[in-house]
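Comments concern the structure below.
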Amino acid sequence: MNAVFPTPSPTADSAESQRLLSPDELEAALRDIGARRYHILHPFHRLLHDGKLSKDQVRAWALNRYYYQAMIPVKDAAVLARMTDASLRRIWRQRIVDHDGDHPGDGGIERWLKLAEGVGFDRDYVLSTRGILSATKFSVEAYVHFVAEKSLLEAIASSLTEMFSPTIISERVAGMLKNYDFITKDTLAYFDKRLTQAPRDADFALDYVKTHATTPELQRQAMAALTFKCNVLWTQLDALYFAYVAPGMIPPDAWTPGTGLVAEAPVATTGSGVRKMAADDRPRLPRGVRLRHDETRGKYVLLAPERTFDLDDNAVAVLKLVDGNRSVAAIADELGRTYAADPRAIEADILAMLDGLAEKRVLER
């Protein structure tokens, strides 16, 4: 793993560290920690977002990340228990609701379970936490102990990684939808609400830290707390990389590919053995294939290397919407609105047409 860990901030006895920073300077220093240390920089995330991981490597990430997600409300409960100010507790407890939900089937943990199920895991296996890497458990539990044992300022400051999460969420969702055919928007639904929850939580925590870190020593503690939290996140990815990427040494008792998965139904194929298109597939034209209007003939054709395919009006309407982002179901919905027709009836015709093009190797999913 060619990861260069960011250099530490100035030492505690340096002249700069003894100066009281203004609130804006303190915020800039905290953001600089994230710019150098946040786990968006880790090689594992680069591979994940760029579509370079196998399905089993993505599964390993989803399973281990579940343990972190499941312990977040435990961490937040530990912080809440230390707050003597009711107004603070009213604000902070929303974090617990966000993850635990207001009722069964609600909340961030439930949505992460859906993500794990979406990549093939059996729910009970995930809930059991069997197969979680020991390093994941050590890192996450160290975080829970940190917020319970350190000052309230440090506990709140450690949550400031939320400042950087909208960027990684946007990159992750876009990259995974583009690069993995087994990932859908529904699979990644966890991240939808985090795009608003994380900035809200970060704004509160940042304001608290800027208001209460009133001495150089307190400011150093806040910065050290954020650094610690970045290390917690980084260490989890170190463990995933070592176990499942390179050198690929899976520790005893950790999850191994094939374990804890729901049996997959047989995949329907066309006569040539190509897997049939499904409603949640996102079809795209392969490199070198394009839809073009033949001005001489006054009609659209599909151009492929050394081949040309004539298209009827229905096929043209469909292929104009084939962009690698829309699912077959979404294409059917749009055409249903355009032609005032039943989308599901249209969907069946679209699937048959796309299967024919896939057999000819001029369409991919």
For the stretch 214-223, what are the residues that are surrounded by fewer than 17 Cβ atoms within 10 Å (Cβ to Cβ) and either part of a helix (DSSP H, G or I) or in contact with a Leu (Cβ under 6 Å, 6 or more places away or on another chain) (or both)?
216, 217
Those residues that are among the hydrophobic types (A, V, I, L, M, F, W, C) and open to solvent by 20 Å² or more (accessible area, probe 1.4 Å), I need them from the stretch 323-332; list them, please.
329, 330
Of the residues in the stretch 36-63, those that are closer than 26 Å to residue 127 by Cα and either open to solvent by 10 Å² or more (accessible area, probe 1.4 Å) or of a type in the set (A, V, I, L, M) (or both) come to 48, 53, 54, 55, 56, 57, 58, 59, 60, 62, 63
Residue 104 fails exactly one of (1) closer than 27 Å to residue 185 by Cα; (2) part of a helix (DSSP H, G or I); (3) of a type outside the set (Lys, Arg); (4) open to solvent by 40 Å² or more (accessible area, probe 1.4 Å), namely (2)
Any chance residue 211 is of a type in the set (Ser, Thr, Tyr), modelled with pLDDT of 95 or more, surrounded by fewer than 19 Cβ atoms within 10 Å (Cβ to Cβ) and assigned to a helix (DSSP H, G or I)
yes
Is there any pair with a first residue in the stretch 305-316 that is over 17 Å from residue 347 (Cα atoms) and a second that is outside any loop (DSSP other than H, G, I, E, B) and of a type in the set (Ser, Thr, Tyr) whose Cβ atoms are under 6 Å apart and which are 6 or more apart or on different chains, and what are they?
311/300
Inter-residue pairs, beta-carbon under 6 Å, first among the acidic types (Asp, Glu) and in the stretch 182-199, second at pLDDT 90 or above and open to solvent by less than 40 Å² (accessible area, probe 1.4 Å), 6+ apart
none
Here is a list of conditions, (1) loosely packed, with under 14 Cβ neighbours inside 10 Å; (2) of a type outside the set (Lys, Arg); (3) within 22 Å of residue 63 (Cβ to Cβ), and residue 203 meets all of them except one; can you say which number that is?
(3)
I'd like the residue in the stretch 239-268 that is assigned to a helix (DSSP H, G or I) and open to solvent by less than 50 Å² (accessible area, probe 1.4 Å) and, out of all such residues, is nearest to residue 352 (Cα to Cα).
244
Restricting to the stretch 310-322, and then to whatever is touching a strand residue (DSSP E or B) at 6+ places or on another chain (Cβ under 8 Å) and open to solvent by 40 Å² or more (accessible area, probe 1.4 Å), can you tell me which residue is nearest to residue 174 (Cα to Cα)?
320
Could you grab the pairs with beta carbons closer than 9 Å, sequence gap of 6+ or different chains, first residue in the stretch 207-218 and closer than 12 Å to residue 151 by Cα, second one not in a helix (DSSP H, G or I)?
213/21; 218/151
Are any of the residues in the stretch 113-125 buried (at least 18 other Cβ atoms within 10 Å of the Cβ), in a helix (DSSP H, G or I) and of a type in the set (Asp, Glu)?
no
Sort out which residues of the stretch 180-205 are over 14 Å from residue 92 (Cβ atoms), of a type in the set (A, V, I, L, M) and assigned to a helix (DSSP H, G or I), and write them in order of number.
195, 198
Pairs, first within 15 Å of residue 220 (Cβ to Cβ) in the stretch 143-164, second among the basic types (Lys, Arg), C-beta under 6 Å, six or more apart:
158/229
The residue that is surrounded by the most Cβ atoms within 10 Å (Cβ to Cβ), considering only those in the stretch 333-351 that are at pLDDT below 90 and among the hydrophobic types (A, V, I, L, M, F, W, C), is 346
Within the stretch 128-170, residues modelled with pLDDT of 95 or more, part of a helix (DSSP H, G or I) and open to solvent by 50 Å² or more (accessible area, probe 1.4 Å) come out as 134, 137, 138, 141, 145, 148, 149
Check on residue 82, open to solvent by 20 Å² or more (accessible area, probe 1.4 Å), among the charged types (D, E, K, R) and outside any helix (DSSP H, G or I):
yes
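The values are calculated or read from the model by the stated rules, or taken from the named source; none is laboratory data. Here the structure is a predicted model, which means the values were calculated and not measured. Here Cβ is always computed from backbone atoms with ideal geometry, including for glycine, and neighbour counts include all displayed protein chains. All accessible areas refer to the heavy atoms of the entire protein, side chains included, with ligands and DNA or RNA removed. Shrake-Rupley method; radii C 1.70, N 1.55, O 1.52, S 1.80 Å.
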